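J.: Mind looking over this structure? Questions follow.
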Amino acid sequence: MSGIGVPVLEKTGDVIVTKRERAMIRKSLLGLACTLAVTSSSLADTVTIGAAKDNTLYEHFQGLFSNGVGRYCFAGINGGGEIRRAVLQFDVAAAVPSGATIDSVTLTLNMSRTNSGDQAQDLHRLLADWGEAGSIASGQEGGGGAALNGDATWIHGFFSTTPWATEGGDFDPTVSATQVVGGVGFYSWSGAQLAADVQSMLDDGANNYGWIVIGVESGGDTAKRYDTRDNLTPGNRPALEITYSLPCVGDLNGDMAVDTADLGTLIAQFGTAGPGADLNGDMIVDTADLGILIAAFGQPCP
Ligand SMILES: [Ca+2]
Ligand SMILES: [Ca+2]
Ligand SMILES: [Ca+2]
């Protein structure tokens, strides 16, 4: 079949446009972008992610107890005078685009059992890696289960071959966030240091070992029990809410400015899956992405 007299079509994803139409779109969009008053160059978003792993360090001189796949984790001192510390980690880099600025974070845990009243419970960043293997405690889980290879224990990051440098876990002495925990219910930790932690977890994912939860470790019977990521009620599992911004969204060619060059790239990818110009991540370059780019148009990157 001859192509004479038939408009030249380009199939781009599910959208078919003629070259002439594309040129018209380009012309009109360029004019629109150049006349728009620009008010903002940032895009904020919020994601909530579950824990990638969690466990409990049960105080024991040989480190024989753990609870890798248990329903609960613990922090504080139990009725027998033994310390428990919860450890949990979130894969921040898998959920937040690299280069993002972390604006605020909130860690929420469901406290499901306690014998004590109001107790401060502190988060600290862990400084060494640790494991969650198949150990599981029985009953209310306060006693821990037999540690299996790869489990975190009081003595080990990974039972039975890799000890912590310090018994009870290697953590930053700086308190990342604190919360007074009383009766059963949901509790949240947030603040500037916690946000800084998450920024670091994003920027340096290889050193993201999560947090340790440390209760009052003087006196007795201060422990709090929290639901883990293996809890049977999904809504009670640990959740980390992260609000972030992308300060230079729309800079498709990496020259630290959002301008006509970037607009041209977006238009060239219009109707396709991108990926470069798919600014909102919905697998199609369309007017939504154009709106994002136009909102950032003309702004230098910080
Ligand atoms: Ca776990
Ligand atoms: Ca650019
Ligand atoms: Ca899109």
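The values are calculated or read from the model by the stated rules, or taken from the named source; none is laboratory data. Treat the numbers as computed from the prediction; the structure is a model and nothing was measured. Cβ sites come from the backbone with ideal geometry, for glycine too, and all protein chains shown count toward neighbours.
J.: How many residues does the range 121-148 hold that are touching a residue at least 40 places away in the same chain (Cβ under 8 Å), surrounded by fewer than 19 Cβ atoms within 10 Å (Cβ to Cβ) and part of a loop (DSSP other than H, G, I, E, B)?
T.: Residues in the range 121-148 being touching a residue at least 40 places away in the same chain (Cβ under 8 Å), surrounded by fewer than 19 Cβ atoms within 10 Å (Cβ to Cβ) and part of a loop (DSSP other than H, G, I, E, B): 9 in total.
A quick yes/no check of all residues on (1) outside any strand (DSSP E or B); (2) within 16 Å of ligand 2 (Cβ to nearest atom); (3) farther than 21 Å from Thr178 by Cβ:
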{"site": "Tyr209", "(1), (2), (3)": "yes, no, no"}
{"site": "Glu217", "(1), (2), (3)": "yes, no, no"}
{"site": "Tyr226", "(1), (2), (3)": "no, no, no"}
{"site": "Asn231", "(1), (2), (3)": "yes, no, yes"}
{"site": "Gly235", "(1), (2), (3)": "yes, no, yes"}
{"site": "Ile242", "(1), (2), (3)": "no, no, no"}
{"site": "Ser245", "(1), (2), (3)": "no, no, yes"}
{"site": "Gly250", "(1), (2), (3)": "yes, yes, yes"}
{"site": "Gly254", "(1), (2), (3)": "yes, yes, yes"}
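J.: Note down all Cβ pairs under 8 Å where the first residue falls in the range 64-77 and is assigned by TED's automatic domain parsing to the domain that holds Ser112 and of a type outside the set (D, E, K, R), the second is in a loop (DSSP other than H, G, I, E, B) and within 16 Å of ligand 3 (Cβ to nearest atom), and they're at least six residues apart or on different chains.
T.: none
J.: Would you say Leu290 is away from ligand 1 (no atom under 16 Å from the Cβ) and touching an Asp or Glu at 6+ places or on another chain (Cβ under 7 Å)?
T.: No.
J.: Let me ask something else. Filter the range 265-274 down to the residues that are in a helix (DSSP H, G or I) and without any contact (Cβ under 8 Å) to a residue 60 or more places away in the chain, then identify the one that is farthest from ligand 1 (Cβ to nearest atom).
T.: Ala268
J.: Follow-up question, since we're still on this one. Right, Asp262: assigned to a loop (DSSP other than H, G, I, E, B) and away from ligand 1 (no atom under 16 Å from the Cβ) or not?
T.: It is false that Asp262 is assigned to a loop (DSSP other than H, G, I, E, B) and away from ligand 1 (no atom under 16 Å from the Cβ).
J.: Test Ala261 against the stated conditions and say whether it is of a type in the set (A, V, I, L, M), more than 16 Å from ligand 3 (Cβ to nearest atom) and either at pLDDT below 95 or touching an Asp or Glu at 6+ places or on another chain (Cβ under 8 Å) (or both).
T.: Yes.
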